[in-house]
DNA sequence: TTCGGATGTTTAACCGTTTACACAGCCGTC
DNA sequence: GACGGCTGTGTAAACGGTTAAACATCCGAA
């Protein structure tokens, strides 16, 4: 990057605060004060400065401002992927609240890779955002936890507030805000809904050990069974990732494996439910006449296929994350909040008489 | 913001390059060179520095780096909304390519408001990103065009490359890269598909004057009709926004208005197709037995409801935008590229015998 | 022995802001 | 009329990096 070689460089460059000051016939300090409004200034001066700003089409350099000690008004969000509807909605909530509070939004994606997540957090640290919001599911082994805990402390030191959104706390000594929603409660509620309709053999699609979201949803499923004194059959828990084609695969294999030994299905999320529904239909089974189906998330596919599901406040999650982060005056605060969920009844569940 | 008040401040702060230099027993310049790799350095020095960096958990301050003349490795993207699947996929493409090229991604949303888009671009200008990518639909009146043209020139001056993604150029004198996909061609192809199946009365759902995307799709529809010498009936063009519930509304009102005067429907996008399908089913009309249905975009709902549609390379669009922007050595380059589309045949279209 | 590169390091200037401090008027009071 | 407070502005020192230019070494060649 060439410095200004000659005193009179011919290549044009964006105008700086000095240009504005010169043109308005005042000092740079005055310009800065007029623009930030940090100090009172005389009306005449103010209008001279504003005119120069307009004429030169001046915008402040965010880097210089950030360096000079003004914390950049920005919020960073780290998600698995932007296309996944759950993350998209949370991200939208973050965006909305960020804009409302006059903040810029920096986004990083991880593809679900813990290593890439750690690297991304490191990158966000360089940016000195006011908050770093980590969203969603990740397989967290001991080494990961330890490194992330270290980063968390570093973020606090740098004045950034860490927020874990929809994932469990890292530990008591790690300074972070945790915003969750009630996975276990929602799963409990919808399983109870199926049980109350008379179903006893309920297939759970999407078990995945090590991932926190499926784990807490399956916990709710099991608790509801226990509460209704229905025996728990581990063979009814099918393993698979939280994607549409996995739902299709799981259901297809299950139906190919032998006679149908369930009357209802609880899918770990709506996408899996949509995939499973397709597999059911291909085998001539209709929802809800032959098989009842329930999902989790209340996202786009649920409305399209009339799915009874658990509504999750995705966008509120994102908004809350930003709000809490900006509220906490001193970064490094630890806090914990859980948002509620509720069932949305459509027409994929039918009473079972057996 | 308090400067360091006393020579010995007690409050801890993140470590700087000076701390690293002191600890490694070298100068700051050496540390910088080792870290950026801009100059060769002795292996012994290098390892001393790297150890100090590790021990102090040092990360460089992005603002300082940006200010010192190194263009920050970042790309800015401005979209209507993050949840809308089309934008989400384009954004994902941008993200992917940005990460691949070692760039950070800044995201702004506009909610479709031209005023907010202009403000967001201004904000991005302050950030000095390498590229500013504007995605999608906007109503562009003369005043908007003129102001955006001004911003475009300012961006070029500041060294940022402007990219218009999925929207028409601003004018010949405006320095911008334009990456589009073939809306008209896609609409032409799928309308021809319906016509070849024997349909003559094809309802177009989602006309919207002033918005570029619907306008170019309806153009393709009309061209196909003309090519097949089928008379064009303006009454078959129904007006509405590109949202699912609008599709539902349009179809519902149409069916309530009088006897059904069409055998096929071409929806301006998949979401509208999904909404329309729901309205059709509620009236006892089945797809494709009673009515054939085609969409545009090939996004999530299309797979769920077995929709014949036009595949749009959303993610490729995003990737290409980033690639072209970073390729063009001198910002302010003007360039134009159009990506192709193709039909995806599922089972929502049936031959019509009349 | 002296000189001319390599090689690797330090010194110091600069990027564009913000802001503590100093200072100049002006006005009202004792 | 000297003084103190109040306003508004200017001066200059940070902020934390990068890098051109100057400067030490060391090594081989003349």
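The values are calculated or read from the model by the stated rules, or taken from the named source; none is laboratory data. These figures come from a predicted structure and were not determined experimentally. Positions of Cβ are backbone-derived with ideal geometry, glycine not excepted, and every protein chain shown enters the neighbour counts.
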*Restricting attention to the range A:66-76, and to residues there that are free of Cβ contacts under 8 Å to residues at least 40 places away in the same chain and either away from every other protein chain (no Cβ under 14 Å) or out of contact with any helix residue (DSSP H, G or I) (no Cβ under 8 Å at 6 or more places or on another chain) (or both), which single residue is nearest to DNA strand D (Cβ to nearest atom)?*
A:68
*Checking residue A:117 against (1) out of contact with any helix residue (DSSP H, G or I) (no Cβ under 9 Å at 6 or more places or on another chain); (2) closer than 22 Å to residue A:158 by Cβ, which test does it fail?*
(1)
*Single residue of the range B:229-249 satisfying the filter (in a helix (DSSP H, G or I) and modelled with pLDDT under 95) that is farthest from the chain's Cα centre (by Cα)*: B:245
*asked:* Could you tell me how many of the residues in the range B:103-126 are under 20 Å from residue B:324 (Cβ atoms) and more than 8 Å from chain A (Cβ to nearest Cβ)?
replied: 3
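Give B:302, B:276 a once-over and let me know the one that is in contact (Cβ under 8 Å) with a residue 40 or more places away in the chain, over 23 Å from the mean Cα position of the chain (by Cα), within 30 Å of residue A:278 (Cα to Cα) and part of a helix (DSSP H, G or I).
Details: B:302 fails: over 23 Å from the mean Cα position of the chain (by Cα).
None of the others qualify; the one that does is B:276.
Return yes when residue B:11 is near DNA strand D (Cβ under 7 Å from one of its atoms), at pLDDT below 90 and out of contact with any helix residue (DSSP H, G or I) (no Cβ under 7 Å at 6 or more places or on another chain) and no when it is not.
Working: near DNA strand D (Cβ under 7 Å from one of its atoms): no; at pLDDT below 90: yes; out of contact with any helix residue (DSSP H, G or I) (no Cβ under 7 Å at 6 or more places or on another chain): yes.
No, not satisfied.
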*asked:* Can you tell me how many residues within the range B:37-56 are modelled with pLDDT under 90 and more than 8 Å from DNA strand C (Cβ to nearest atom)?
replied: 2
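When you scan the range B:124-151, how many residues do you find that are farther than 26 Å from residue B:206 by Cβ and over 18 Å from the mean Cα position of the chain (by Cα)? Working first, answer last.
From the range B:124-151, those farther than 26 Å from residue B:206 by Cβ are B:124-132, B:143, B:146-147, B:149-151; that's our starting set.
Cutting the leftovers down to over 18 Å from the mean Cα position of the chain (by Cα) gives us B:125-128, B:143, B:146-147, B:149-151.
Looking only at that region, the number is 10.
Quick check on the range A:35-58. Is at least one of its residues farther than 30 Å from residue A:330 by Cα, under 38 Å from the mean Cα position of the chain (by Cα) and either within 9 Å of DNA strand D (Cβ to nearest atom) or touching a residue at least 24 places away in the same chain (Cβ under 8 Å) (or both)? Give the steps one after another, and end with the answer.
Filtering the range A:35-58 for residues farther than 30 Å from residue A:330 by Cα gives A:41-58.
Those still in the list that are under 38 Å from the mean Cα position of the chain (by Cα) too: A:57-58.
Right, trim to either within 9 Å of DNA strand D (Cβ to nearest atom) or touching a residue at least 24 places away in the same chain (Cβ under 8 Å) (or both) and you get A:57-58.
There is at least one residue in the range A:35-58 that is farther than 30 Å from residue A:330 by Cα, under 38 Å from the mean Cα position of the chain (by Cα) and either within 9 Å of DNA strand D (Cβ to nearest atom) or touching a residue at least 24 places away in the same chain (Cβ under 8 Å) (or both).
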*Assuming residue B:210 fulfils every condition listed in (1) within 30 Å of residue B:338 (Cα to Cα); (2) modelled with pLDDT under 95; (3) in contact with a helix residue (DSSP H, G or I) (Cβ under 7 Å, 6 or more places away or on another chain) apart from one, which condition is it?*
(3)
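Could you tell me whether any residue of the range B:9-22 is within 12 Å of DNA strand C (Cβ to nearest atom), assigned to a loop (DSSP other than H, G, I, E, B) and either surrounded by fewer than 18 Cβ atoms within 10 Å (Cβ to Cβ) or in the same structural domain as residue B:160 (by TED's automatic domain parsing) (or both)?
The first filter runs over the range B:9-22 and keeps only residues within 12 Å of DNA strand C (Cβ to nearest atom), leaving B:17-18, B:20-22.
Remaining after also requiring assigned to a loop (DSSP other than H, G, I, E, B): none.
Among the residues of the range B:9-22, not one is within 12 Å of DNA strand C (Cβ to nearest atom), assigned to a loop (DSSP other than H, G, I, E, B) and either surrounded by fewer than 18 Cβ atoms within 10 Å (Cβ to Cβ) or in the same structural domain as residue B:160 (by TED's automatic domain parsing) (or both), which makes the answer no.
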*So residue B:347 clears everything in (1) out of contact with any strand residue (DSSP E or B) (no Cβ under 6 Å at 6 or more places or on another chain); (2) away from chain A (no Cβ under 14 Å) except one condition, right? Which one?*
(2)
*Go through B:335, B:319 for me and flag whichever is over 23 Å from residue B:201 (Cα atoms), within 19 Å of the chain's Cα centre (by Cα), in the same structural domain as residue B:104 (by TED's automatic domain parsing) and surrounded by fewer than 17 Cβ atoms within 10 Å (Cβ to Cβ).*
B:335
*Could you look through the range A:14-25, keep only residues that are within 20 Å of residue A:64 (Cα to Cα) and modelled with pLDDT of 90 or more, and pick out the one that is nearest to DNA strand D (Cβ to nearest atom)?*
A:21
*asked:* So in the range A:86-102, with the set limited to residues that are surrounded by 22 or more Cβ atoms within 10 Å (Cβ to Cβ) and more than 13 Å from residue A:135 (Cβ to Cβ), which one is nearest to the other protein chains (Cβ to nearest Cβ)?
replied: A:98
*Odd one out for residue B:30, checked against (1) surrounded by fewer than 16 Cβ atoms within 10 Å (Cβ to Cβ); (2) within 15 Å of DNA strand C (Cβ to nearest atom)*: (1)
*Any idea which of B:134, B:170, B:225, B:203 is touching a residue at least 24 places away in the same chain (Cβ under 8 Å), assigned to a loop (DSSP other than H, G, I, E, B) and buried (at least 20 other Cβ atoms within 10 Å of the Cβ)?*
B:170
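State yes or no: is residue B:184 part of a helix (DSSP H, G or I) and in contact with a strand residue (DSSP E or B) (Cβ under 7 Å, 6 or more places away or on another chain)? Explain how you work it out, then say what you get.
Working: part of a helix (DSSP H, G or I): yes; in contact with a strand residue (DSSP E or B) (Cβ under 7 Å, 6 or more places away or on another chain): no.
No: the conditions fail for residue B:184.
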